[in-house]
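The values are calculated or read from the model by the stated rules, or taken from the named source; none is laboratory data. Values in this document were obtained by computation on a predicted structure and should not be read as measured data. Note that we place each Cβ from the backbone using ideal geometry, even for glycine, and neighbour counts take in every protein chain shown. The protein model used for the area step is the full one, side chains on, heavy atoms only, and it has no ligands, DNA or RNA in it. Shrake-Rupley method; radii C 1.70, N 1.55, O 1.52, S 1.80 Å.
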Amino acid sequence: MKHHEHHRFAGLLEVAPDAMVCVDADGRITLVNARTERLFGYRRDELIGQPVDMLVPDAVRDMHPGHRAGYLADPQPRLMGADLQPAGRRRDGTTFPAEISLSALDTEQGILVFAAVRDVTQQRLAAETAAQLAAIIQSSHDAVIGQTLAQVITSWNPGAERLYGYAAAEVTGRHVEVLIPAGDREREAAVVAAVARGERVDQYQARRLRKDGTTVEVSLNLSPIADRTGTIIGVASVARDVTERQRAGARFRGLMDAGPDAMVCVDRDGRIVLVNGQTERLFGYRRDELVGQPMEILVPDQVRGLHPAHRAGYAADPRPRAMGADLQPAGRRRDGSTFPAEVSLAAMGTGEGLLVTAVIRDVTERLEIAAERERLGIQAERDELERHLHQSQRLESLGQLAGGVAHDFNNLLGVISNYAAFVGEEVARQPPDERWKAVGNDIGQVQRAAEQAAGLTHQLLAFARQETIQPRVLNLNDVVQSVEQLLIRTLGEHIELIADLTADLPSVLADPGQIEQVLVNLAVNARDAMPQGGKLIIQTASTIIDVSAHQEDRAYQGEVPPGQYVALKVSDTGTGIPKDVLDRVFEPFFSTKPKGEGTGLGLATVYGIITQAGGHVRIYSEPGLGTSLTALLPVTEQDIAAATPPPTEPQRGQGQTVLVVEDEAAIREVTRRMLARNGYHVVAAASGHEALEVLATQLEHIDVLLTDVIMPRMQGKEFANQVRVIQPAARVIFMSGYTQGLLGAQGVLEPGTHLIEKPFSEATLLTKLQEVLSAQN
């Protein structure tokens, strides 16, 4: 080959898409292209003059000279090793499957053999995957069918042949209507159209025609088939025969309808899937009005909010048992009337998951007979117990209302206080003339009003037992002594404060700030009840509640669990409380004071704080003689907790990414603004669903998720759990003034939960972020 021809030939090799290796008759490499360097990892000067066997895997290197000699004996263009699986060896020792084409050129230097080498790893993997999928489809017991968008059958597996009776050759190329009853074809076309738009359809129940003319009930999963460009070109359907399952279901429903009691079948999500005829008669609903509805439709309004927790508790331990052995279950009819019930629960596992069957019996008549017998003997004691029960139920309902009001009100306060702070900063930057000074004073009034309103919402939440507390082990005597001087100033000189504290008092678990609030609220009420002066007496003592309790403690029997308690008793010598209003003193906004004096939340807050701490409250009053309130707090065995370190000065962010999720637009914007101006990269979303879309399409990483707790459609806790799966390293901070769903036992935050309470200031928010970001994982 002449010199200029050699250069032209080498140039052609460089633009070839495959690795090109030129080998002489002795098997030594004389020429390679750039693609060879990239594929094998050698530089060109490392290959020229070397034996070509260095590019062959170790396992077959000894056989390679024989293959070369065989080719030289008949040097025709052909694929190398059609009956073998050629492979290449890279410089680092790794190998790859290859496709090698051989051709020979007779030159002045002798025969040169050109090998075009292509890495077919991806093609091999794709072929193996396709073969595996084909094997799975062929061996599936389900009927797997492929069809075009025009509903022409293109593929048919053995499962389809067994289910429908047609061989593949009999139906391939035919319209799928051969399998669909005439009355179902319009609905079927609509389902296929939905799949053609890219939707998946799961658990679609339909009828199908067999070759012998019989009908079979099937459950279908349909999904789109797309080509390499993503264009949908067909529909794949997987069908399973559910005829026998439906027959079994019909037999089961027949057994249920024969039962004398109402029977309601509920799935894990709490939705009704099956009822019997007695259920229709007992509750007044038609069957089709119940199926698919939440079970709570049959639960009285006053306990409806508690029912999902009871369901979850049973699902965690699904043993057959009577429901609510310590309660009196009740049912709610369609007309709103209720009846006492006896409920037995049983669970069974199905293909769709756990189903719980509730057997419900109306026990109105039985209770009426029992009540009649009771009236013959202990009617007075029963009336007293019922009065306390009704009082407790009324307070619970009011507590739920108070918590809901506080949630919305806290959002408004957060917007008012923080926007006022923004404006105040801008005013402070203006020239110090009288006009801006007046505006600054007005803004200060707005902020002070917001702070006072925030205090009011905390009182509401304390009553509702939804305020986040920070309990620690403490001695009530220490709390009384720490607040004694404040109480003296609150009472005034005309009222004498007497502290009668028992030494060696056992410890309790409570929030000291809340106990101080209890004492201040009671002191204020006592002061107002003693306008002419008197005495306020604070006493502490240790007491035991049990079946052999002393006379003074017997009033708590039946409503206070046995055990050791610390009693905090606050008494005054004031005007007392009339008997006709004594039962209402713990209700929020109820007050006997003149209009405009007090909030009506003093005693309501006391009740909420003590109850949230696991305690119990009893009040006694005699008009003209005074009032005495006793709070019992359970004794704890824990040691006195260490003091909480003082908070550090909040720091600016360092560009960390914070995802803010808040459905209220104003509070979302003010939170975004506070973070953005303090060095954080902020992305905001109005709902959990919107935030998940942002995470999927815009954000590869977030450092902190800051989410509201109470949101429509998806609650903050549920959303945060989904984010933890996508972003395991992200820290989560909840923000709310109403912590329903986050509180564990006795109102304490669940372990590992970070919460910032609304309304919060900029400094509070930055401090919480700094705390969470600096904490160890």
- Counting only protein chains, not ligands or nucleic acids, how are 271, 90, 652 ordered by accessible area (probe 1.4 Å), most first? 652, 271, 90
- Note on the structure: Counting only protein heavy atoms and leaving out ligands, DNA and RNA, the solvent-accessible surface of residue 672 at a 1.4 Å probe, in Å² to the nearest 10, equals 80 Å²
- Task: Please work out the average accessible area per residue across region 664-712, using the 1.4 Å probe convention, and give it in Å².
- Result: 42 Å²
- Spacing of the two label points (7 Å from each Cα toward its C-beta) at residue 123 and residue 485, in nm: 9.1 nm
- Computed E for residue 372/residue 333 - FRET, C-beta separation, R0 30 angstrom, nearest 0.05: 0.80
- Message: What FRET efficiency comes out for residue 638 versus residue 676 if R0 is 56 angstrom and r is the Cβ-Cβ distance? Round to the nearest 0.05.
- Response: 0.85
- Protein accessible area in region 1-144, 1.4 Å probe - carbon and sulfur %: 57 percent
- Message: What number comes out for accessible area per residue over region 28-161 if the probe is 1.4 Å? Units Å², please.
- Response: 56 Å²
- Item | Accessible heavy-atom area order of 31, 486, highest first, probe of 1.4 Å | 486, 31
- Query: Given labels modelled 7 Å from the Cα in the Cβ direction, how far is it in nm from residue 579 to residue 138?
  - Reply: 9.3 nm
- Label-point gap, in nm, between residue 348 and residue 15 - each point 7 angstrom along Cα→Cβ: 7.6 nm
- Query: Per residue, how much accessible area does region 466-537 have with a 1.4 Å probe, in Å²?
  - Reply: 47 Å²
- Message: I want to make sure I understand the PRE zone here: with the label point 7 angstrom from the Cα of residue 174 toward its beta carbon, which residues in region 197-233 have backbone N atoms less than 13 Å away?
- Response: 209-214
- Rounded to 0.05, the calculated FRET efficiency for the beta carbons of residue 364 and residue 542 at R₀ = 41 Å is 0.35
- For residue 698 and residue 497, compute 0.36 nm times the residue count separating them, minus their Cα-Cα distance, and round to one decimal in nm. 66.0 nm
